[in-house]
Amino acid sequence: MSATRWAAVDEFLLDHLVPEASEMEGVLQANADADLPEIDVSAAQGKYLQLLVRISGAERVLEIGTLGGYSTIWMARGLPSEGRLLTLELEPAHAEVAGRNLIRAGVADKVDILVGPAVDHLRSLIDNGAEPFGFVFVDADKPAYPEYFELVMQLTRPGSVVVFDNVVREGEVCDPDSADERVQGVRELFRLLKASRRITMTAQQTVGVKGHDGIAIGVVTAD
Ligand code: SAH
Ligand code: DHB
Ligand code: MG
């Protein structure tokens, strides 16, 4: 099946199941106007993340990698009324665009953006004894996925849901000789997951407007 067909199916699914996708177009336009890369999750995936947040019942959500806040807004809209989302972004310019998008989407009061290297913020959250997050979405620099995994495990509790984006990358994940450091980062993450007795995970390949990729999902099982 061709990439055109995958995109057509995404459109069909959105038309029937995700009418709210069209109001999210303004966010993508604001990102494009600010020259942000088009590496947001798709609308179907955004809605999927929102439903996962709702199903998990998480009151505290952590996102690593904000970009323009597209995935952030989808997830924030899945929070309960008192719920909060913390999102981490390296680039001040991305965080600025995201901040404006969050205001326009009416979710700014539920979301905090921290700017700078995510690892630094995660370490200080751990050092300051932050309350565990019930849902975590990891979507920043792929070479650091192994490090994010180790840190996220210190910021969650049994029952917390953990999701990693972009774990298949056109199938390159199963190539041990890949020269792409992003692929190698994901491969090292999978080695850690295989060895971990504290989380149980699966991953699904996805096709659609964003090509062939995949999302890993799991639940923390033990402290
Ligand atoms: N979650 C977003 C897309 C994120 S793209 C969405 O689906 O809408 C990845 C983002 O991670 C980029 O904005 C990039 O600047 C950011 N990033 C890269 N390295 C980072 C780091 N070390 N710490 C925090 N954010 C980082
Ligand atoms: C890239 C990053 C992403 O988070 C994504 O969804 C797609 C591509 C990238 O770095 O190429
Ligand atoms: Mg991604």
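Table for the structure above
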{"item": "Test: V186 is within 15 Å of ligand 3 (Cβ to nearest atom), crowded, with 21+ Cβ neighbours inside 10 Å and either modelled with pLDDT under 95 or in a helix (DSSP H, G or I) (or both)", "result": "yes"}
{"item": "G129, sole failed condition from (1) open to solvent by less than 10 Å² (accessible area, probe 1.4 Å); (2) at positive phi; (3) more than 14 Å from ligand 1 (Cβ to nearest atom)", "result": "(1)"}
{"item": "Test: residue in segment 166-180 that is open to solvent by less than 80 Å² (accessible area, probe 1.4 Å), in contact with a Cys (Cβ under 9 Å, 6 or more places away or on another chain) and within 13 Å of ligand 2 (Cβ to nearest atom)", "result": "yes"}
{"item": "Of all residues in segment 111-125 being under 17 Å from T156 (Cα atoms) and of a type in the set (A, V, I, L, M, F, W, C), the one that is surrounded by the fewest Cβ atoms within 10 Å (Cβ to Cβ)", "result": "V119"}
{"item": "Test: residue in segment 49-63 that is of a type in the set (S, T, N, Q), touching a residue at least 60 places away in the same chain (Cβ under 8 Å), touching a Lys or Arg at 6+ places or on another chain (Cβ under 6 Å) and within 14 Å of ligand 1 (Cβ to nearest atom)", "result": "no"}
{"item": "Complete set of residues in segment 209-223 that are of a type in the set (D, E, K, R) and not in a strand (DSSP E or B)", "result": "K210, D223"}
{"item": "Among the candidates E91, E38, E25, residue that is touching a helix residue (DSSP H, G or I) at 6+ places or on another chain (Cβ under 8 Å), free of Cβ contacts under 8 Å to residues at least 40 places away in the same chain and open to solvent by 10 Å² or more (accessible area, probe 1.4 Å)", "result": "E38"}
{"item": "Which listed residue is within 13 Å of ligand 2 (Cβ to nearest atom), aliphatic (A, V, I, L, M) and touching a strand residue (DSSP E or B) at 6+ places or on another chain (Cβ under 7 Å), from L86, L36, L49", "result": "L49"}
{"item": "Residue within segment 199-208 that is touching a residue at least 40 places away in the same chain (Cβ under 8 Å), open to solvent by less than 10 Å² (accessible area, probe 1.4 Å), assigned to a loop (DSSP other than H, G, I, E, B) and not basic (K, R) present", "result": "yes"}
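The values are calculated or read from the model by the stated rules, or taken from the named source; none is laboratory data. Nothing here was measured: the structure is a model prediction, and the numbers come from that model. Methodologically, a virtual Cβ is constructed for each residue, glycine included, from the backbone with ideal geometry; neighbour enumeration extends over all protein chains shown. Surface areas here come from the heavy atoms of the whole protein model, side chains and all, with no ligands, DNA or RNA. Shrake-Rupley method; radii C 1.70, N 1.55, O 1.52, S 1.80 Å.
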